[in-house]
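The values are calculated or read from the model by the stated rules, or taken from the named source; none is laboratory data. Keep in mind that what you see is a predicted model, and the values were worked out from it rather than measured. Positions of Cβ are generated from backbone atoms using ideal geometry, with glycine treated the same way; all protein chains shown enter the neighbour counts. Heads up: the accessible areas ignore ligands, DNA and RNA and are worked out on the full protein's heavy atoms, side chains in. Shrake-Rupley method; radii C 1.70, N 1.55, O 1.52, S 1.80 Å.
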Amino acid sequence: MTKSRLAFIGAGVIGLSCAWRAASAGLRVTVVDPAPASGASWVAGGMLAPVTEAWPGEEALLELGVESVRRWPGFAEELGVAAGQSAGLRTEGTVVVATGSGDRAELDTLADYLARLGRAVERLSGRELRRLEPALGPDVRGGLSVPGDLAVDNRMLLAALRTAAERAGATFVESAARAVLDDGTRVTGVRTDGADLESDVVIVCAGAHSGSLHPVLTGLVRPVKGEILRLAHRAGAFPPPSRTVRALVDGRPVYVVPRDGGGLVVGATQAETGFDTEVTVGGVRDLLRDAERVLPGIAEYALVESAAGLRPGSPDNLPLVGALGPEGLLVATGHHRNGMLLAPVTADAVLQLLHGRPVPDAMRPADPARVTAAAPSAGRGHRYPEEVARARVDQR
Ligand code: GLY
């Protein structure tokens, strides 16, 4: 038997992380993407924030995010060594702050919920928060400190992942993937804008574009637009915060993620307007107004970039990680707001599946069978113990 040929469709953070892990394990990896390291992963803010993004009713996502953030330091260290360049992890932590009384009540709901789940968060007054982060303005009345919620420079991360994947032996085909090909029973390859690629196992990691690649994926992933801004500190302006700052401003969420060298990423709007990546005047206005309420000093910063990305939303906003449809087809998509956060645990889960082993426990709710079972015509879902055998690769 010859060594299985693996094709990863999509070179965003999920595709690159999975491809790097698979190539490092000695598998034969090709990555198909017309523009590697672009799309939503390039636009992203880079928060690794399972706790401060948590909300009642999303317990499975919280558990998965907590598991992934636990893996992040090791993932970043290993990646840094493999790539010979930093993965861009920042460990200063996160504060989440409120302005008006309605915002404070909402943060109290979040804090009570986290306390019920046994997750300790520290409640702080506005004054205590300003002692931690002098850049916070007087409108900040209270909030929480969550040191375990981290951040990553998404662009440093993508560069490191591509280098590490190539060093591990992955080949890149810079062509658009149009369809996963199968013979009715198992996958045979990938149709691209160039030559078709023969493959034994295809892993769809194409983010918001995943839904068009095979009939079993139709309707399972939707684009969720997010607009984001990049600012740069200028001489004489108030220094930037060192922690990620998440805020509620009159009920609207905004976040500010620091970068090395005085950069700030301000995000993000959220809208379901199809495959639309134009930046709107209203989006920029809202982000700047709300961020300035929390961090007044940014008025003196340079506005250096505005961009929009498409988050891949699944029917229940949990990712889709596992086998579905013809033999040899795996998916790792639907990560919605959490692609950066969930990259380490997703890559580990995909490698487990490729080796015919069970995924990490926290990943079990991401089994695509949960959504295909509800819509049988969308595809054949399979529970994990069965599916691991179906996509297993031959390594000889
Ligand atoms: N993870 C934050 C966002 O998607 O805006």
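Using just its DSSP H runs of length 4 or more, each adding -39500 (n - 2.57), the chain gives a mean residue ellipticity at 222 nm of -9500 deg cm²/dmol after division by all residues. Among Asp183, Asp153, Asp250, the largest mean-square fluctuation in a Gaussian network model of the chain, built with springs joining Cα atoms closer than 10 Å, belongs to Asp183. Between the Cα long axis of helix 101-116 and the first principal axis of the chain there is an angle of about 50°, rounded to the nearest 10. With a simple spin-label model that places each label point 7 Å from the Cα along the Cα-to-Cβ direction, the separation between Trp55 and Thr185 comes to 4.6 nm. Based on Cα contacts under 8 Å between residues 6+ apart, the chain shows a relative contact order of 23 percent.
For region 115-171, the Cα gyration tensor yields ellipsoid semi-axes of 38, 17, 7 Å (square root of five times each eigenvalue, largest first, whole Å).
A full extension of the chain between Lys3 and Glu92 corresponds to an added length of 27.7 nm, given 0.36 nm per residue minus the alpha carbon distance.
Cα convex hull of region 1-127: mean projected area in nm², to one decimal?
So the mean shadow area of the Cα hull is 11.3 nm².
Put a dot 7 Å past the Cα of Ser242, heading toward its Cβ, do the same for Arg71, and the two dots end up 3.0 nm apart.
Amide H to amide H, with H built 1.01 Å from N, Asp153 comes under 5 Å of Leu89, Arg90, counting only residues 5 or more places away or on other chains.
Relative to the dominant Cα principal axis of the chain, helix 13-24 is inclined by about 50°.
Taking Cα atoms only, the orientation of helix 281-294 departs from the longest principal axis of the chain by about 50 degrees.
Here the average projected area of the convex hull drawn through the C-alpha atoms of region 266-322 stands at 5.6 nm². Among Gly84, Gly226, Gly118, the residue with the largest mean-square fluctuation in a Gaussian network model of the chain, with springs joining Cα atoms closer than 10 Å, is Gly118. When the charge dipole of the chain is built from unit charges on Cβ atoms (+1 for Lys and Arg, -1 for Asp and Glu) and taken about the Cα centre, the candidate among Val254, Ala19, Tyr113 whose Cα reaches farthest toward its positive end is Ala19.
Residue-normalised convex hull volume from the C-alpha trace of region 72-163: 116 Å³ per residue.
The radius of gyration of the Cα set in the chain, together with its Dmax, comes out at 21.0, 68 angstrom. Spin-label model, Glu122 to Ala299: label points 7 Å out along the Cα-to-beta-carbon direction sit 3.1 nm apart. For Ser38 and Ser175, the difference between the fully extended length at 0.36 nm per residue and the C-alpha to C-alpha distance is 48.0 nm. Computed over the chain with a Gaussian network model linking Cα atoms closer than 10 Å, the most mobile of Gly263, Gly339, Gly328 is Gly263. When averaged across all projection directions, what area in nm² does the alpha-carbon convex hull of region 110-222 cover? That works out to 12.6 nm². Placing +1 on the Cβ of every Lys and Arg and -1 on the Cβ of every Asp and Glu, with no other charges, gives region 127-223 a dipole of roughly 540 debye about its Cα centre. Segment Glu272..Asp196, full-extension length gain: 24.1 nm, with 0.36 nm per residue of separation and the alpha-carbon distance subtracted. The DSSP beta bridges internal to the chain are antiparallel in roughly 70% of cases. Of the solvent-accessible surface of the chain, computed with a 1.4 Å probe and all protein chains present, 51% belongs to carbon and sulfur. Taking one equal scatterer on every alpha-carbon of region 169-266, how large is log10 of I(q)/I(0) by Debye at q = 0.20 1/Å? Rounded to two decimals, the profile gives -0.97. Relative protection proxy for 3-13, 188-198, from highest mean packing down: 3-13, 188-198 (other beta-carbon atoms within 10 angstrom).
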